[in-house]
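The structure appears right after this line, and notes come after that.
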Amino acid sequence: QAISGGGTGITGFPSQIGLTATWDPTLSRQKGQAQGYEAFHKHRNVLLGPGVASGRTPQNGRNSEYMGEDPVLAGTLAGAMIRGVQEDNPNEPVEASLKHYVGNEQETSRQTSSSNMDERTLVETYLLPFEIAVKQGQPHSIMCSFNQINGVWACENPTILREYLKTTVGFKGWVVTDFGSQHSTAASLVGGLDQELNRPRFYTPTLLKSALTAG
């Protein structure tokens, strides 16, 4: 793990799955503090992480970037890391963006696939680490994922964004897309998306005005 695009002098931090194997929230917080400090001094005000996913698909080459299959352990260590990023460098403020929300379990066809599951599985396995991390770490941002959840794109899914994340869990920050993971203007506004990342297509002033007027 490293600060992407920061030029020379970048630290190659240990992988997230390696960190999770320590079961150590204090170490996780220290890693967050170190990454937040380095991000600030590399002119980054948002750190796109930490990432949590269950590792459902063992062939996923990015499993090392996530915090393992135990939702309680993953959520606890993610919450500690977020606190390290956001709280432990008061003179170098950086925001954490917890990702990828939610059910982002594979790289193959991740921009078109749908993670389909019953409500109990969704809440107790896939949403739980995010809930714990939000309540313990208070991240300023959450990044929604490319995939669909039960046939509805994650970045415009009112069940997981408005009903669960913002209402049930009480998340007060902003929801941002993964790079290019948005598919609409009106549906994502209604669903609970706040920001389109990197390349605005649907949240341009003209389209936003039209969607808000129609709504």
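The values are calculated or read from the model by the stated rules, or taken from the named source; none is laboratory data. Keep in mind that what you see is a predicted model, and the values were worked out from it rather than measured. Because the Cβ atoms are built from the backbone with ideal geometry, glycine has one as well, and the counts that use them run over all protein chains shown. Accessible surface is based on the protein model in full, side chains and every heavy atom, while ligands, DNA and RNA are left aside. Shrake-Rupley method; radii C 1.70, N 1.55, O 1.52, S 1.80 Å.
Could you state the number of Å between the C-alpha centres of region 22-54 and region 97-167? Taking the Cα centre of region 22-54 as reference, the centre of region 97-167 is 20 Å away. Quick check for you: which residues of region 5-36 have the amide N under 12 Å from the point 7 Å beyond the Cα of residue 179 toward its beta carbon? Under 12 Å, as judged by backbone N against the label point of residue 179, lie 5 of region 5-36. For the chain, the relative contact order is 17 percent, taking Cα pairs closer than 8 Å that sit 6 or more residues apart in sequence and dividing their mean separation by the residue count.
Among the protein heavy atoms, those of residue 209 account for about 140 Å² of accessible surface (1.4 Å probe, every chain in place).
With semi-axes defined as the square roots of five times the eigenvalues of the C-alpha gyration tensor, the equivalent ellipsoid of region 1-58 measures 22, 14, 10 Å, largest first.
Would you mind telling me the share, in percent, of accessible area of region 126-215 contributed by carbon and sulfur at probe 1.4 angstrom? The computed percentage sits at 57.
For region 68-215, the solvent-accessible area of protein heavy atoms averages 44 Å² per residue (probe radius 1.4 Å; ligands and nucleic acids excluded). Comparing 132, 82, 142 in a Gaussian network model of the chain (Cα springs below 10 Å), the most mobile by mean-square fluctuation is 132. Note on the chain: helix-only mean residue ellipticity at 222 nm, from DSSP H runs of 4+ residues weighted -39500 (n - 2.57) and normalised by residue number, equals -9000 deg cm²/dmol. In a Gaussian network model over the chain where Cα atoms closer than 10 Å are linked, find which of 136, 16, 59 has the largest mean-square fluctuation. Greatest mean-square fluctuation among the candidates belongs to 59. On the beta carbon distance between residue 17 and residue 124, with R0 = 22 Å, the FRET formula returns roughly 0.55. When the chain is described by a simple charge dipole with +1 on each Lys and Arg Cβ and -1 on each Asp and Glu Cβ, the residue from 57, 183, 203 located farthest towards its positive end is 203. Each Lys and Arg contributes +1 and each Asp and Glu -1, all at the Cβ; summed about the Cα centre of the chain, the dipole is approximately 440 debye.
Across 21, 78, 186, mean-square fluctuation computed from a Gaussian network of the chain (C-alpha pairs under 10 Å connected) peaks at 21. Is there a quick way to get the dipole size of region 1-78? I mean about its Cα centre, with the Cβ of Lys and Arg at +1 and of Asp and Glu at -1; what is the value in debye to the nearest 20? Rounded to the nearest 20 debye, it is 200 debye. Across region 4-123, C-alpha contacts under 8 Å between residues 6 or more apart give a mean separation that, scaled by the residue count, equals a relative contact order of 33 percent.
Averaging 1/r across all pairs of distinct Cα atoms in the chain and inverting the result yields a Kirkwood radius of 17.4 Å. Once the Cα atoms are used to define both axes, helix 128-137 deviates from the longest principal axis of the chain by about 60 degrees. Counting only alpha carbon atoms, the long axis of helix 205-214 and the longest principal axis of the chain meet at about 50°.
Counting charges near residue 62 (Lys, Arg +1; Asp, Glu -1) among other residues having Cβ under 15 Å from its Cβ returns a value of -2.
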